[in-house]
């Protein structure tokens, strides 16, 4: 007799605990924003069962490791209304969807080469009523629009990321912070920054903003372009 195997268990997402975590660092959310953030738990639990956009071992950490991590950019920047963002290599919608919830007065274009992941992000955005996001399945080089900022989260090394971002940046900005790349990465980035010729990049430890152990090695990199 062939032994049966138990399918891997997907940890339950505790949306209440997740919202408590988000509220600790962003206490001034509107009721609409709270509802949208809270809905992400059930939506990603559902879609991740069909399309693996987040590691199944990590889906239980959705709010800390993915949503709050994405929102580090909202601790760094307060954009003017009408600011336009490209989320390069969005995967299942990070950091674009959390930032679109946080900044409903801005617009976000989420792009990824993997169509099924883009579809998850689109379905999640539609389910929570986000109307400030658009989506593209393909390469950033195929996008003819220009943006104030390109954002990304753990996509690729800076020497590859910077040329992709540079061609997508608008020549004129509307914010005090010059247009450029804002990306979330981890580890010791000194060699990567030097190798990319980005000596003027700003490196901010996320532990400056968030107390959780997960953020001890995480960084935000800003490079004006």
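Every number in this text was worked out from the coordinates using simple rules, so none of it is lab data. Everything numeric in this text was worked out from a predicted model, so none of it was measured. Cβ atoms come from the backbone with ideal geometry, glycine included; neighbour counts cover every protein chain shown.
See the values below:
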item: Between 0 and 90°, nearest 10: helix 31-48 axis offset from the chain longest Cα axis; result: 60 degrees
item: Cα convex hull volume per residue for the stretch 1-123 (Å³); result: 110 Å³
item: Residue exposure sequence - 151, 118 - by fewest surrounding Cβ within 10 Å; result: 118, 151
item: Helical mean residue ellipticity (222 nm; -39500 (n - 2.57) per DSSP H run of 4+; nearest 500) of the chain; result: -9000 deg cm²/dmol
item: Hydrodynamic radius (Kirkwood) for the chain, which is based on Cα pairs only, to one decimal in Å; result: 18.0 Å
item: Stretchable slack from residue 55 to residue 132, in nm (0.36 nm times residue separation minus alpha-carbon distance); result: 25.0 nm
item: Alpha-carbon gyration tensor eigenvalues x 5, square-rooted, for the stretch 149-217, Å; result: 22, 16, 11
item: The stretch 91-167: relative contact order as a whole-number percent, Cα under 8 Å and 6+ apart; result: 33 percent
item: Length-normalised contact order of the chain in % [C-alpha pairs under 8 Å, at least 6 apart]; result: 16 percent
item: Between the stretch 86-137 and the stretch 19-85, the alpha-carbon center distance in angstrom; result: 12 Å
item: Sequence-separation-based contact order of the stretch 47-145, relative, with Cα cut under 8 Å and 6+ spacing, percent; result: 25 percent
item: Relative compactness, the stretch 103-223, computed as alpha-carbon Rg over 2.2 N^0.38 Å; result: 1.13
item: Using alpha-carbon coordinates, inclination of helix 15-25 to the longest axis of the chain, degrees; result: 30 degrees
item: Relative intensity, log₁₀ I(q)/I(0), of the stretch 66-150 from a Debye sum that treats every alpha carbon as a point, q = 0.15 Å⁻¹; result: -0.47
item: Label-reachable residues, the stretch 121-154, where backbone N falls under 18 Å from a point 7 Å from residue 46's Cα toward its Cβ; result: 121-131
item: Length added when fully stretched, residue 139-residue 35, from 0.36 nm per residue minus Cα-Cα; result: 34.2 nm
item: Contour minus Cα-Cα distance for residue 167 and residue 213 (0.36 nm per residue); result: 13.0 nm
item: Per-bin percent of Cα-Cα distances, the stretch 89-133 [5 Å]; result: 6, 28, 35, 22, 8, 1
item: Protection proxy ranking of 108-117, 46-55, 61-70 - average other beta-carbon atoms within 10 Å, highest first; result: 61-70, 108-117, 46-55
item: FRET E, pair residue 78, residue 200, Förster distance 22 Å, beta-carbon r, rounded to 0.05; result: 0.50
